[in-house]
Every structure is written in C-alpha cells, then in structure tokens.
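Coordinate-derived values only; no laboratory data. Just so you know, these numbers come straight off a predicted model, no measurement behind them. We place every Cβ from the backbone using ideal geometry, glycine too, and count neighbours over all the protein chains shown.
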Amino acid sequence: MNDARKVFLGGVLLTLVVTIGFSPFLLGNQSFLDSDLTNYFYPIYHTYHQALAEKANFLWDPLLLSGYPTYVSQSGGLLDPANLLIFRFLDARPGLHIRLFIDYLLVVFFSYLAGRSFKLSPLASSLIGLGFILGLTRNNITNPSVANSLFLLPLLFYVSNKLFGVHPFRYAILGGFGVGWAILSGNAQFILYSLFTVSFFFVFLFWVHYRQNMVGVWRSVIAFLLLVLLGLAVASPQILAVISFTPLTVRSGGLDYAAATNKVIGLNQLTNFILPDYLYFPYLGVGRYGLYIGIFWFLMFLSAFPLIRRSRMAAFLYAFLGLVFLVSIKFSPLFYLLPFSVTLDVFGRFSHVSSGWIRV
C-alpha cells in the first residue's frame with residue numbers, strides 16, 4: 001500500500017472516530033454544559049448569526065459595557081472566513097458544534113500527517129491527535145478560541161519537517177495560511193506558545209541538516225520566513241485591530257507578576273501531570289491548574305524515553321520539555337533569564353490559557 005493510500009485511509013478512520021464522538025451534538029440536538037458557552041459564546045454567536053443573516057454590523061456591540069468592539073477580543077473569531085460562512089446560515093448552537101467538529105478533525109488529521117512524516121506507524125500516528133485532545137481540560141475542549149488554535153501545533157510540526165525536503169515553499173504557504181487562520185479565530189496565548197515551540201524545533205532541524213546540504217538548508221530558512229510573513233499578512237485585519245485597541249485597555253502595561261504566573265506549574269504541582277484538574281491538594285499548590293496529561297499518557301511518555309537514540313523527534317521533545325521543566329523551577333537562573341532575555345517578556349503579558357477570566 002502506497003503512502004497516499006495510507007494517508008487517505010487514516011484520514012477516513014480518524015474522521016469516523018471524531019464523527020462518532022461528536023454525533024450527540026451534530027445529530028442529537030445536544031448542547032455542551034459549560035458556563036463559558038452558556039453565558040458568553042452561545043449568545044455571542046447568536047448575535048453574530050443574526051447580524052450576518054440581516055447583513056447588519058457585527059463589529060460593535062452596544063450592549064456590552066458602554067459599547068465594545070467584540071471582534072478585537074479574539075474570543076469568537078468574528079473575522080474568520082470559516083465562521084463568516086458557517087454562521088451566515090446556521091445559528092449559534094449548530095454552527096458552533098460544526099466548527100468544533102472541524103477543529104478536532106483538523107487536530108487528528110494534521111497530527112496523523114506529522115506522525116507519518118516522522119516515519120511513525122499509521123497506528124501510532126493516529127493516536128497522537130487523540131492523545132493531544134484527551135490531555136486537555138474540559139473547559140478547553142469546549143472553548144471555541146482554544147479549539148480553533150489546536151490544529152496549529154501539529155500542522156507546524158508537519159510543515160517544519162517538510163521544509164527540509166522537496167518543495168519547501170509549497171509547505172511554507174500551507175503553514176502560513178494555517179498561522180493566519182489560527183490568529184484570526186484562535187487563542188493568542190496558545191498560538192504564541194505553538195510558534196515558540198516550533199521555532200525551537202526548526203532550529204533543531206537546521207542544526208541536524210546543516211552539514212548535509214548547506215544550500216538546501218538556507219532555502220528552508222527562507223521558506224520558514226515566508227511562512228511567518230504570510231501568516232502575519234493573512235491575519236493582518238485582526239492584528240492591526242488589536243494593536244489599535246490595546247493601548248486603550250489595562251493590558252497596555254501587561255500583567256503584574258501574580259496574574260501572569262496564575263496557574264503556572266511548579267515542582268510542587270507535579271501531581272497535576274497525573275491527576276485531573278478538579279483534584280488538587282491545597283498544601284501542594286494554590287488553586288486549580290489546567291495542565292493535565294493523565295496517568296496513561298504520562299506512562300507512555302516515560303516508556304518512550306529509550307527512543308531518544310533512534311528518533312530525532314523524540315530527542316528534540318525530551319530536550320525541549322526538559323528546558324520547560326527547568327524554567328518552571330522558581331528562583332532557578334533559567335526562570336529569570338528566559339522570560340526576559342529570550343522572549344522579551346512576551347509571555348509575561350498573558351494570563352494562563354484557561355484562567356477563566358478576561359481583564360478589559
């Protein structure tokens with residue numbers, strides 16, 4: 001069986017799995033019971049649908065505060081072409097459920113492609129996306145802005161690997177449109193984290209391939225820069241609007257230390273790698289934390305450690321996660337050095353992706 005047929009059959013199988021999982025919401029007229037959806041997203045998309053159906057202005061909400069440009073919050077992806085098409089014809093509940101279905105279909109599909117590009121078996125590649133989704137908390141699974149962003153990480157891993165092969169510019173265009181689409185509809189923190197992670201991975205691949213084909217490697221660098229520029233161009237309507245609006249909000253000065261480190265995982269919160277976020281121990285940490293891998297996936301993570309010698313991808317992931325682990329140790333040199341010297345304190349301007357509140 002050739003690779004194209006394996007990819008096709010894998011895509012059909014994964015589509016079937018996601019369809020079965022979403023069938024109560026796509027076919028059974030069920031709703032997600034979540035406070036964010038009930039109090040915010042369902043009403044937002046209902047108003048959005050009405051405005052599109054009546055060809056009215058959806059950019060300004062006169063009922064929120066003393067008037068608010070809803071689209072700049074990136075909470076709903078109101079400038080996203082996919083949402084413009086879906087909610088033009090469908091109301092909040094069916095439209096949102098279809099969009100979430102598309103989001104998770106893209107997650108498992110691009111995860112599968114990424115796994116196959118690293119020569120993993122079809123079965124192992126199929127489990128990547130499902131494991132990624134199962135590692136999320138319930139609130140993140142049903143949060144549209146988070147769900148709209150999840151496909152980006154596996155897509156960029158897949159594209160980055162392909163940039164060092166044949167036709168790198170074709171994959172740069174795919175990745176660029178993916179980045180732009182994610183920014184138009186997704187969660188800014190998650191997108192930034194994804195780009196930050198994949199940038200490390202691209203540098204790792206550059207180091208691996210540099211001595212093999214110097215000309216090809218620099219062509220890959222140009223393709224990666226094209227990817228970034230194309231993504232910014234596609235998302236420019238959203239980016240320019242946010243840049244114009246941010247100085248008028250309290251986020252113009254960033255977040256203070258306490259808010260920026262809300263729900264950060266430290267050494268004393270390692271139980272959150274094993275236990276769900278609704279189980280926590282008050283003497284080991286403050287509050288509830290969003291990171292949850294689960295004991296099954298955690299044991300799989302540990303059992304894959306011997307693959308470091310045989311897999312470049314495994315070596316990179318363990319090195320990167322090791323770096324993240326060292327950065328999480330409070331008062332360590334990396335804890336202070338990395339956020340300011342490498343990221344220019346960009347991460348310090350965001351709260352946790354699942355913090356559950358927004359400062360306006």
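Values as computed for the structure displayed
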{"quantity": "Ranked packing of 108-115, 314-321, most packed first, by mean Cβ within 10 Å", "calculated": "108-115, 314-321"}
{"quantity": "log10 of Debye I(q)/I(0), alpha-carbon scatterers only, for region 3-248 at 0.11, 0.14, 0.17 Å⁻¹", "calculated": "-0.63, -0.97, -1.31"}
{"quantity": "Label-point gap, in nm, between Ile243 and His46 - each point 7 angstrom along Cα→Cβ", "calculated": "3.7"}
{"quantity": "Computed E for Ser121/Glu54 - FRET, C-beta separation, R0 56 angstrom, nearest 0.05", "calculated": "0.65"}
{"quantity": "Chymotrypsin sites (Phe, Trp or Tyr not before Pro) within region 138-203, DSSP loop, no more than 10 other Cβ atoms inside 10 Å", "calculated": "none"}
{"quantity": "More than 22 angstrom apart: percent of Cα pairs within region 104-245", "calculated": "40"}
{"quantity": "Distance-filtered residues of region 59-94 - backbone nitrogen under 12 Å, label point 7 angstrom along Ser236 Cα→Cβ", "calculated": "none"}
{"quantity": "Net lengthening on full extension, Tyr318/Val228 (0.36 nm per residue, minus Cα-Cα)", "calculated": "29.8 nm"}
